[in-house]
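Chemist: This structure is in structure tokens; I'll ask about it shortly.
The values are calculated or read from the model by the stated rules, or taken from the named source; none is laboratory data. Because the structure is a prediction, the values reported are computed rather than measured. Counting neighbours? That spans all protein chains shown, and the Cβs are built from the backbone with ideal geometry, glycine included.
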Amino acid sequence: DEKNQVLITNAWLQMYWIDVYLSWDQYEYPGVQNLRFPADQIWVPDILLYNSADERFDATFHTNVLVNYSGSCQYIPPGILKSTCYIDVRWFPFDVQKCDLKFGSWTHSGWLIDLQMLEADISNYISNGEWDLVGVPGKRNEMYYECCKEPYPDVTYTITMRRRTLYYGLNLLIPCVLISGLALLVFLLPADSGEKISLGITVLLSLTVFMLLVAEIMPATSDSVPLIAQYFASIMVIVGLSVVVTVLVLQFHHHDPQAGKMPKWVSSFAWFLRMKKPGENIKPLSCKYSYPKNHLSVNSMEMNVLPGHQSSNGNTIYSYHVTDNPCCPQKSDLGSKSGKITCPLPEDAELVQKKASVDTIMVIVKILEEVQFIAKRFRKQDEGEEICSEWKFAAAVIDRLCLVAFTLFAIICTFTILMSAPNFIEAVSKDFA
């Protein structure tokens with residue numbers, strides 16, 4: 001019982017001694033070799049389990065004592081022994097526990113009973129699904145107390161057990177490793193999906209559930225932190241930091257273009273991670289089209305009104321000049337064109353001519369103002385989109401950087417923490433083979 005730090009053992013105690021008062025002559029009593037006496041009718045050494053955790057303290061069943069004609073007594077009481085055992089959870093679940101069973105006389109000193117040790121017999125040991133019995137070495141000790149001068153001997157058996165880690169590996173360690181892998185997928189999830197923080201919080205809550213499962217089976221002790229708890233804590237730190245970084249990434253992704261441009265240090269990380277901005281390798285297209293002679297791309301028009309210039313037939317002559325697209329190469333036949341437009345001359349030709357000139361100029365000025373306004377709006381929109389794309393690229397760089405860094409950190413934590421257990425290789429080779 002690890003929670004209460006109690007070891008429950010089904011064992012037989014073997015006690016041998018010689019009582020000269022219980023011997024007889026086998027020739028006077030032929031055929032009588034052995035006698036059996038109840039334990040409460042003859043003297044029996046008061047051997048007890050010192051570190052007993054049983055409510056009755058002595059949990060053995062008092063059987064008969066087998067007495068030989070020479071006075072040799074044999075007392076083998078069975079019992080279910082409950083003893084206190086300090087559980088060292090430092091290397092859980094790759095731990096080896098050592099529990100002591102201390103036997104000795106409660107009232108007889110070493111001058112009255114010379115307590116000797118017998119080797120523990122584990123030939124009839126029934127294997128356990130959670131523990132492997134490594135050995136049961138014994139040792140005889142002599143204790144001196146302040147009240148008495150005589151020694152008090154005891155025999156202490158140390159039960160050494162190794163935990164079988166297959167159960168905990170399949171139900172705790174492997175799910176935790178998989179969950180830590182899911183935590184790294186946060187950096188691969190697109191920021192526009194809206195599920196990055198939700199995934200991180202879900203992984204964090206699942207690790208908390210596993211921590212509660214470990215806390216339920218471990219004793220409430222502050223002497224040491226279990227190995228698996230250290231691993232869970234490190235993964236929780238990784239997941240918590242990933243949530244914090246995700247918030248920063250989302251802030252970069254949805255950054256206000258008017259708040260500033262992308263930091264310059266992002267470019268260095270992008271070069272280190274071999275990342276390029278979208279469209280960085282796309283070159284602007286140059287004008288390679290040749291227009292036919294009968295097609296003109298009019299970009300500008302110069303219209304000059306020739307006041308007072310009249311034709312021979314009395315019509316007013318307007319002169320215009322057309323310039324080709326400067327993007328295209330100039331040709332001799334497409335360089336510029338000019339012509340004349342003749343209009344009928346009204347009665348008040350001079351007034352109409354001036355009024356038409358002023359109205360035309362005003363319309364052209366308004367058109368130019370509107371065109372400039374639209375062009376300015378498009379330039380600002382393009383600049384804003386470019387800044388937004390830079391911030392989105394910065395968010396992608398941080399995502400990639402954190403993916404690499406957190407992956408390395410998770411791998412290092414997994415191998416460093418788990419392989420620090422002294423018997424990690426032995427446990428894996430025996431339980432997972």
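Chemist: Can we say GLU146 is of a type in the set (D, E, K, R) and at pLDDT 90 or above?
Modeler: no
Chemist: Would you be able to tell me the number of residues in the range 186-195 that are touching a residue at least 60 places away in the same chain (Cβ under 8 Å) and either in contact with a Ser or Thr (Cβ under 6 Å, 6 or more places away or on another chain) or part of a helix (DSSP H, G or I) (or both)?
Modeler: 4
Chemist: Could you please give the count of residues in the range 69-114 that are in a loop (DSSP other than H, G, I, E, B) and either in contact with a strand residue (DSSP E or B) (Cβ under 9 Å, 6 or more places away or on another chain) or closer than 30 Å to LEU166 by Cα (or both)?
Modeler: So the answer is 23.
Chemist: Identify the residue in the range 58-70 that is buried (at least 18 other Cβ atoms within 10 Å of the Cβ) and within 14 Å of LEU13 (Cβ to Cβ) and, among all such residues, is modelled with the lowest pLDDT.
Modeler: ALA59
Chemist: When you scan the range 227-249, do you find a residue that is assigned to a loop (DSSP other than H, G, I, E, B) and either assigned by TED's automatic domain parsing to the domain that holds LEU403 or in contact with a strand residue (DSSP E or B) (Cβ under 8 Å, 6 or more places away or on another chain) (or both), even just one?
Modeler: No; the residues of the range 227-249 include none that is assigned to a loop (DSSP other than H, G, I, E, B) and either assigned by TED's automatic domain parsing to the domain that holds LEU403 or in contact with a strand residue (DSSP E or B) (Cβ under 8 Å, 6 or more places away or on another chain) (or both).
Chemist: Does the range 149-171 hold any residues that are among the aliphatic types (A, V, I, L, M) and buried (at least 20 other Cβ atoms within 10 Å of the Cβ), and which are they?
Modeler: ILE159, MET161
Chemist: Still on this model: Just to be sure I understand the filter: pairs with C-beta atoms under 6 Å, separated by 6 or more residues or on different chains, first member in the range 196-221 and free of Cβ contacts under 8 Å to residues at least 24 places away in the same chain, second member in a helix (DSSP H, G or I). Which pairs pass?
Modeler: Sorted first by the residue in the range 196-221, then by its partner, the pairs are LEU199/VAL186.
Chemist: I've got another one for you. Please go through the range 151-185 and pick out each residue that is in contact with a Ser or Thr (Cβ under 7 Å, 6 or more places away or on another chain) and of a type in the set (Val, Ile, Thr).
Modeler: The answer is VAL177, ILE179.
Chemist: So, one more: For residues that are assigned to a strand (DSSP E or B) and of a type in the set (Ser, Thr, Tyr), scanning just the range 124-175, find the one that is farthest from LEU48 (Cα to Cα).
Modeler: My answer is THR160.
Chemist: Count, please, the residues in the range 225-245 that happen to be over 13 Å from the mean Cα position of the chain (by Cα), without any contact (Cβ under 8 Å) to a residue 12 or more places away in the chain and under 17 Å from ILE417 (Cα atoms).
Modeler: Counting residues in the range 225-245 that are over 13 Å from the mean Cα position of the chain (by Cα), without any contact (Cβ under 8 Å) to a residue 12 or more places away in the chain and under 17 Å from ILE417 (Cα atoms) gives 0.
Chemist: Here's another thing I want to ask about it. Given (1) surrounded by fewer than 16 Cβ atoms within 10 Å (Cβ to Cβ); (2) out of contact with any Leu (no Cβ under 9 Å at 6 or more places or on another chain), where does LEU182 come up short, assuming only one miss?
Modeler: The failed condition is (2).
Chemist: Does the range 406-419 contain any residue that is outside any helix (DSSP H, G or I) and not basic (Lys, Arg)?
Modeler: yes
Chemist: Let me ask something else about it. Filter the range 8-29 down to residues that are of a type in the set (D, E, K, R) and surrounded by fewer than 13 Cβ atoms within 10 Å (Cβ to Cβ) and give me whichever is nearest to LEU66 (Cα to Cα).
Modeler: Of everything passing the filter in the range 8-29, ASP25 is nearest to LEU66 (Cα to Cα).
Chemist: Please enumerate the residues belonging to the range 43-57 that are free of Cβ contacts under 8 Å to residues at least 40 places away in the same chain and buried (at least 16 other Cβ atoms within 10 Å of the Cβ).
Modeler: The answer is VAL44, SER52, ASP54.
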